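Readers should treat all values here as calculations from the given coordinates under stated rules, not as data from a laboratory. Values in this document were obtained by computation on a predicted structure and should not be read as measured data. In this analysis, Cβ positions are derived from the backbone assuming ideal geometry, glycine residues included, and neighbour counts consider all displayed protein chains.
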Amino acid sequence: MSNNLPSSEKRKPIRRIFCLKQGIHYKRYLKEMWGLGIRPIKILNHLKMVVGEYLPDRFAQSLDSHPDVEYTEPDIRVTITEPYIGSITSLEPTLPWGVKRIQAAKTWKVTQGQKVRIAVIDTGIYNEHPAIKENYRGGVNILSPYFPPHDYNGHGTHVAGIIAGSATDLGVIGVAPRTHIYAVKAFNRKGNANLSDLLTAINWCIENKMQVVNMSFGMDKMSEVLRLAIQTAHQKGLIMVAAAGNRGLSTQIDYPARYPETIAVTSISNNDHISSFSNRGKGIDVAAPGEKIPSAWLNNTVREMSGTSMAVPHVVGTAALLLYLQKKLNPEQVRYILMQTAHKKDEEIGIIDAYKAVNLLSRI
């Protein structure tokens, strides 16, 4: 039996991101998109971007060189910076070694990051976990906007516990145990996201006045639209902290950590050496604990994980400690304080020291 469907209907729609030039009126451009057979899916006002879908044989190539368009890119797939997953650990009322190593607890008499707004762009957060529920303040499910940003993977929950864990009896104590944590679910249960989902997540962070953004994900290819989104967030004062990546490369780090607007973080082990799995090279700002880090997991459990994904939230938590004391710090001031107070041993990359960072801020 022959298939009489037109070939265009057999193909899946292609999704593309259009970054508009400054001063362009959205309504005029959207009308032209519809006329060219492109259906707008998302309008990202703060980023001046539109995500659109079209069937391959209906796409007018002239739209690439449209006078209103600055850049256009395909909607590629991005993955979380794949960690090394350890076993579920026994519950011990001890301070995690990473929090000890950066001397975060020494700052808690003066700052615990109270009410600083932290966004975790990740797989969601299991907000019922006893280490997280006290500091959880909601968020958004980018993938399914009518559903809560629940975590079915575990990665986002683990990251959230490192930043803002508050369960002493479970041994899940975060760097900033009274900061406010927001789940921005852009990755599915397999740890995959579309580039357009990440752009939507950043747009949400700007719109909802997040102060620090945890980005424990990466990709090896440059994206101009992601760079523009990061630049926009940076200009608006959001502190963007990103993972260097886990490919063990000595001269290359992942995007978005490679963009100069982010604070790029690599991982150390408990002997203060850069982790063997960590990318390093030009663009790294600081190192932080990232090996065998215990934190919150699904179903109220605790799990050890290793990766630059685990190093990033140590830096995010430290930024929260600083912002509680001086909420008007801009991203470059935070970077400067973290790098100036970082402890250098045998490696060129400094290991963050929350206690020294808070002390330096008090003297500025």
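For the peptides 252-258, 319-325, residues were scored by their other Cβ atoms within 10 Å and the scores averaged per peptide; the highest-first order is 319-325, 252-258. Direction-averaged projected area, Cα convex hull, the chain: 20.4 nm², rounded to one decimal. Among the listed pairs Lys106/Lys209; Lys48/Lys115; Lys48/Lys236; Lys27/Lys185; Lys100/Lys133; Lys115/Lys356, those whose Cα-Cα separation exceeds 18 Å are Lys106/Lys209; Lys48/Lys115; Lys27/Lys185; Lys100/Lys133; Lys115/Lys356. Shape analysis of the range 240-308 based on the Cα gyration tensor places the equivalent ellipsoid semi-axes at 23, 14, 9 Å, largest first.
Determine, at each q value in 0.12, 0.17 (inverse angstroms), the log₁₀ of I(q)/I(0) that the Debye formula gives when each Cα of the range 135-197 is one equal point scatterer. The computed values of log10 I(q)/I(0) come out as -0.32, -0.61. Each of the peptides 219-227, 23-31, 69-77 was scored by the mean count of other Cβ atoms within 10 Å over its residues; in descending order, highest first, they stand as 219-227, 69-77, 23-31. Here the sum of -39500 (n - 2.57) over DSSP H runs of 4 or more residues, divided by the residues of the chain, equals -7500 deg cm²/dmol at 222 nm, to the nearest 500. The calculated pair-distance distribution of the range 168-291 uses every alpha carbon pair, bins of 5 angstrom beginning at 0, and gives 2, 10, 19, 21, 20, 16, 8, 3, 0, 0 percent.
Using the Cβ of Lys106 as centre and a radius below 14 Å, the other residues enclosed give a net charge of +3, where K and R count +1 and D and E count -1. Shape summary: the range 216-364 maps onto an equivalent ellipsoid whose semi-axes, from the alpha-carbon gyration tensor, are 22, 20, 16 Å in decreasing order. Counting only alpha carbon atoms, the long axis of helix 26-35 and the longest principal axis of the chain meet at about 50°. Against the longest principal axis of the chain, how steep is helix 308-325, in degrees 0 to 90 to the nearest 10, with axes from Cα atoms? Helix 308-325 sits at roughly 70 degrees to that axis.
If you count Lys pairs in the range 238-354 whose Cα atoms are under 30 Å apart, skipping same-chain pairs closer than 8 places in sequence, the total is 9.
The alpha-carbon positions of the range 272-357 define a convex hull whose volume is 115 Å³ per residue.
When both the range 91-154 and the range 312-364 are represented by their alpha-carbon centers, they are found 19 Å apart.
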